[in-house]
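Quick notes on the structure that follows.
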Amino acid sequence: MMFNPTTIMSDFEGSLLEVLKSEFPNSQHRGCYFHHNQAIYRNIQKLGLSSAYVDDDQIRIIWRKLMALALLPLSLVIEAFDNLYDSVLESSSTTFKLLEPLFKYFENQWIKT
């Protein structure tokens, strides 16, 4: 009997993803929603936005909207991301300057990959 999973769910550890792709080339990888959100929040911490996240309702709402993108059908994700980015760009220059690194991270880590 051969173990040949069709779908594998795990966190987003790069080395694990490489092994899964190598060992189970016909399997589809699904990332864990918890680990997705955890990675985004860790980036918020890394960017020094933790206090803004705690103190500013608007920033917290934007973060939640970024988290929710993972729940959309794939065909809607890029458009929804672009709309959210545009709404932040139009909201205030202070908010945009504060959140621009988070959006760049999100785009590079989650949209383009």
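Please treat every number below as a calculation from the coordinates, not as lab data. A quick note: this is a predicted structure, and the numbers were derived from the prediction, not measured. Cβ sites come from the backbone with ideal geometry, for glycine too, and all protein chains shown count toward neighbours.
On the beta carbon distance between residue 33 and residue 92, with R0 = 22 Å, the FRET formula returns roughly 0.15. Dipole magnitude for the range 32-111: computed about the Cα centre from +1 point charges on Lys and Arg Cβ and -1 point charges on Asp and Glu Cβ, it is near 340 debye. Loop-located GluC sites (Glu not before Pro) across the range 1-73 with a Cβ neighbour count of 13 or fewer within 10 Å are 13, with loop assigned by DSSP. Only lysines eight or more places from residue 21 in sequence, or on another chain, were considered; those with a Cα closer than 25 Å are 112. Principal-axis analysis of the Cα atoms of the chain puts helix 74-91 at an angle of about 20° to the longest axis. Note on the chain: Kirkwood radius taken over Cα pairs, Stokes-Einstein applied at 10 °C and 1.306 mPa s, translational D equal to 102 µm² s⁻¹. The alpha-carbon of residue 46 sits under 14 angstrom from the alpha-carbons of these aspartates and glutamates, leaving out residues fewer than 8 places away in its chain: 100.
Considering helices alone, the calculated mean residue ellipticity of the chain at 222 nm is -20500 deg cm²/dmol, with DSSP H runs of length four and up weighted by -39500 (n - 2.57) and normalised per residue.
Here the Karplus curve 6.51 cos²θ - 1.76 cosθ + 1.60, taken at θ = phi - 60°, turns the phi angles of the range 95-100 into couplings of 4, 4, 4, 5, 9, 4 Hz, with x standing for Gly and Pro.
Put simply, when 78-88, 48-58 are sorted by average Cβ atoms within 10 angstrom per residue, most first, you get 78-88, 48-58. When only Cα pairs below 8 angstrom with a gap of at least 6 residues are kept, the chain shows a relative contact order of 20 percent.
3J(HN,Hα) along the range 58-65, derived from phi through the Karplus expression 6.51 cos²θ - 1.76 cosθ + 1.60 where θ = phi - 60°, amounts to 4, 5, 5, 5, 4, 4, 5, 5 Hz, with x in place of Gly and Pro. Only one residue of 70, 28, 58 has its Cα farthest out toward the positive end of the dipole of the chain, where Lys and Arg carry +1 and Asp and Glu -1 on Cβ, and that residue is 28.
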